[in-house]
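The values are calculated or read from the model by the stated rules, or taken from the named source; none is laboratory data. Worth saying up front: this structure is predicted, and the values here are computed from it rather than measured. Positions of Cβ are generated from backbone atoms using ideal geometry, with glycine treated the same way; all protein chains shown enter the neighbour counts. Keep in mind that these areas ignore ligands, DNA and RNA; they rest on the heavy atoms of the full protein, side chains included. Shrake-Rupley method; radii C 1.70, N 1.55, O 1.52, S 1.80 Å.
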Amino acid sequence: MFELFNVGLEMQKRIIDIQMQGIEVAREMVDTAQRNVEAGQAATQAGEAGMKAMKGWMRLWGMRD
C-alpha cells in the first residue's frame, strides 16, 4: 500500500515538472514576441527618420514633397 502511495506521488511530481516546463516555454514565447514588437517599433522609427531626412534633402534641393 505504501509503495502504491509512493508511485502516485512520483507521478504527480513528474506531471508538475512537465507543467513547469510548459510554463517556461510559454514565458520564453512571450519574451520573444515582446522583442519582436520592440524590433518592429524600432524599424518603424528608423523608417520615419529616413523619410524625414529624405524630405529635408528634397526641400534643400528645391524639390516638392
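Within segment 34-47, residues that are at positive phi reach no partner that is outside any helix (DSSP H, G or I) and among the aromatic types (Phe, Trp, Tyr) with beta carbons closer than 8 Å at six or more positions or on different chains. The lone criterion from (1) modelled with pLDDT under 95; (2) of a type in the set (A, V, I, L, M); (3) open to solvent by 100 Å² or more (accessible area, probe 1.4 Å) left unmet by ILE18 is number (1). Restricting attention to segment 38-62, which residues are exposed (fewer than 10 other Cβ atoms within 10 Å of the Cβ) and hydrophobic (A, V, I, L, M, F, W, C)? Scanning segment 38-62 gives LEU60, TRP61. Within the set GLY47, GLY40, GLY22, GLY62, the sole residue that is in a loop (DSSP other than H, G, I, E, B) and not charged (D, E, K, R) turns out to be GLY62.
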